[in-house]
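Undergrad: Take a look at the following structure, please.
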Amino acid sequence: MDKRYFSDKVVKWYEVNKRDLPWRDTRDPYRIWLSEIILQQTRVNQGLPYYLRFVDKYPSVGALASASQQEVLRLWQGLGYYSRARNLHECARQVVAEHDSCFPDNYQALKRLKGIGDYTAAAIASIAFKEGVAVVDGNVFRVLSRVFGIDDPIDTTAGKKKFTALANEVINAKKPDLHNQAVMEFGAMHCTPKNPSCGDCILESGCFAAQHKLQNFLPVKSRATTVRDRHFYYFVIQKGNSLLMKKRTEKDIWKGLFDFFMIEESKPIKIEKLVRRFNSIYSLNVKAKDLVLSDTYKHILSHQIINARFIFLKIVSNSFVKEPYAFYSTKKIEDLPKPVLITRFLTESQLL
């Protein structure tokens, strides 16, 4: 493929085939930033309703900065990768405090904001401010790898450096906003991971992968992702109409969200062992024969599979309860930010 014509061809395709998405009708860096953060690790059809809700509730970076983290996490609930929501909130406060509520207008300054890396900074700088810097994400890796026949692993430092250099070499300096959106859209809609539409592709005659039948082999990764199995045993402790919960503060998944007292095991175990551990922690004398384990709730994350089971336990005295645990009414629990797994359990158990 001739590098001189790559951008022209992809932009021409984009102008005909692009999806009608609200963040494409603006040069407001706040809305562009918001869409990019939401769409990280998230499909457009899943992220779009969240984007619309955030814009409605927080129409400006100042409004978002004024919210509490708990409010932001609650609105984010269900999108996963909750560090994005925490960074989103911190970044909004940073923009207000350090930049008078205005996003910096260049790539290097944008990268100094919380949660904004190379990709997001390039997207904002090019789309909002027309700076000639290329975005490089999974879609861009795939398109460039196939079209130009690059087999350097995309998950290595050297590979990323090579792709970034090429992406900046082929960008249309006069239309960086259109170019970046076009390449990403082309990868998302046409040059897809599986079954790309090569038969009616504007790049087919000059595409290395199409010419050599390598669509299923490019791009290349050097290592496979390992998936970790985790077993969570939740004690759902009920006093009257309230349930015992805590805010997750440890450096792990779901930080800032609320769940129940939990014992994690490396493999499935019997209820008797769980209850013994629970009794030793709280100096109680709960009988395993009085309790029942729920069926397994499976929750799949990118690198983890959570296998969760729940044990109901009704109590009269809460004298054993210590911080950070507290009892919350059903109404209060509904407003708390929670993992989707917990919300699913509460809904199916008719506790919400």
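Undergrad: Can you give me the pair-distance distribution of segment 2-66, C-alpha pairs, 5 Å bins, whole percents?
TA: 3, 15, 21, 19, 16, 11, 8, 4, 2, 0
Undergrad: Which net charge results when you count Lys and Arg as +1 and Asp and Glu as -1 among the other residues whose beta-carbon is under 12 Å from that of Asp137?
TA: Net charge around Asp137: -1.
Undergrad: Work out the P(r) tail for segment 170-274: percent of alpha carbon pairs separated by more than 24 Å, whole number.
TA: More than 24 Å apart: 59 percent of the Cα pairs in segment 170-274.
Undergrad: Would you calculate, for the chain, the mean residue ellipticity at 222 nm contributed by helices, counting each DSSP H stretch of 4 or more residues as -39,500 (n - 2.57) and dividing by all residues, to the nearest 500?
TA: Helix-only estimate at 222 nm: -13500 deg cm²/dmol.
Undergrad: Roughly how many nanometres apart are two label points built 7 Å out from the Cα toward the Cβ at Arg4 and Glu169?
TA: 1.5
Undergrad: For the chain, with the dipole built from +1 on Lys and Arg beta-carbon atoms and -1 on Asp and Glu ones, taken about the Cα centre, which of Pro219, Ile306, Ser266 lies farthest toward the positive end?
TA: Ser266
Undergrad: Now for a different question. Trypsin sites (Lys or Arg not before Pro) within segment 279-327: which are DSSP loop residues with at most 11 other Cβ atoms inside 10 Å?
TA: Lys287, Lys322
Undergrad: In addition: Between Thr226 and Asp28, with labels modelled 7 Å along Cα→Cβ, what's the label distance in nm to one decimal, could you check?
TA: Once both label points are built, they end up 4.5 nm from each other.
Undergrad: Could I ask something else about it? What dipole magnitude, in Debye to the nearest 20, does the chain give about its Cα centre under +1 on Lys/Arg Cβ and -1 on Asp/Glu Cβ?
TA: 1160
Undergrad: Could you name the lysines in cross-link range of Lys251, using Cα to Cα under 19 Å and dropping any fewer than eight places away on the same chain?
TA: Partners within reach: Lys114, Lys338.
Undergrad: Further question on the same structure: At 0.36 nm per residue, and after removing the present C-alpha to C-alpha distance, how many nm does the segment from Met262 to Lys160 gain when stretched out fully?
TA: Residue separation times 0.36 nm, minus the Cα-Cα distance, leaves 32.7 nm.
Undergrad: Turning to a different aspect of this structure: Select from segment 233-285 those GluC sites (Glu not before Pro) which occupy a DSSP coil region and have at most 11 other Cβ atoms within 10 Å, ordered by residue number. Don't jump to the answer; show the numbers that get you there.
TA: Working: sites: Glu250, Glu264, Glu265, Glu272; in loops: Glu250.
Answer in residue order: Glu250.
Undergrad: Same structure again: Taking springs between alpha-carbon atoms closer than 10 angstrom, which of Gly47, Gly199, Gly138 fluctuates most in the Gaussian network model of the chain?
TA: With Cα springs under 10 Å in the chain, the top fluctuation among Gly47, Gly199, Gly138 is at Gly199.
Undergrad: Expressed as a whole percent, how much of the Cα-Cα distance distribution for the chain exceeds 40 Å?
TA: 28
Undergrad: State the Cα centre-to-centre distance between segment 50-103 and segment 247-288 in whole Å.
TA: Centre-to-centre distance over Cα atoms comes out at 32 Å.
Undergrad: For the chain, with a Gaussian network of springs between Cα atoms less than 10 Å apart, report the residue from Ile311, Ile124, Ile171 with the top mean-square fluctuation.
TA: Ile311
Undergrad: Place +1 on the Cβ of every Lys and Arg and -1 on the Cβ of every Asp and Glu in the chain, take the dipole about the Cα centre, and give the residue among Ala109, Val286, Trp76 whose Cα lies farthest towards its positive end.
TA: Val286
Undergrad: Over segment 3-212, calculate the relative contact order: mean separation of alpha carbon pairs under 8 Å at least 6 apart, over the residue count, as a percent. Don't skip to the end; give the middle numbers.
TA: On the way: 248 pairs, mean separation 49.2, N = 210.
Over segment 3-212, the number comes to 23 percent.
Computed from the coordinates by the stated procedures, all read-outs in this text should not be read as laboratory data. Because the structure is a prediction, the values reported are computed rather than measured. Cβ atoms come from the backbone with ideal geometry, glycine included; neighbour counts cover every protein chain shown.
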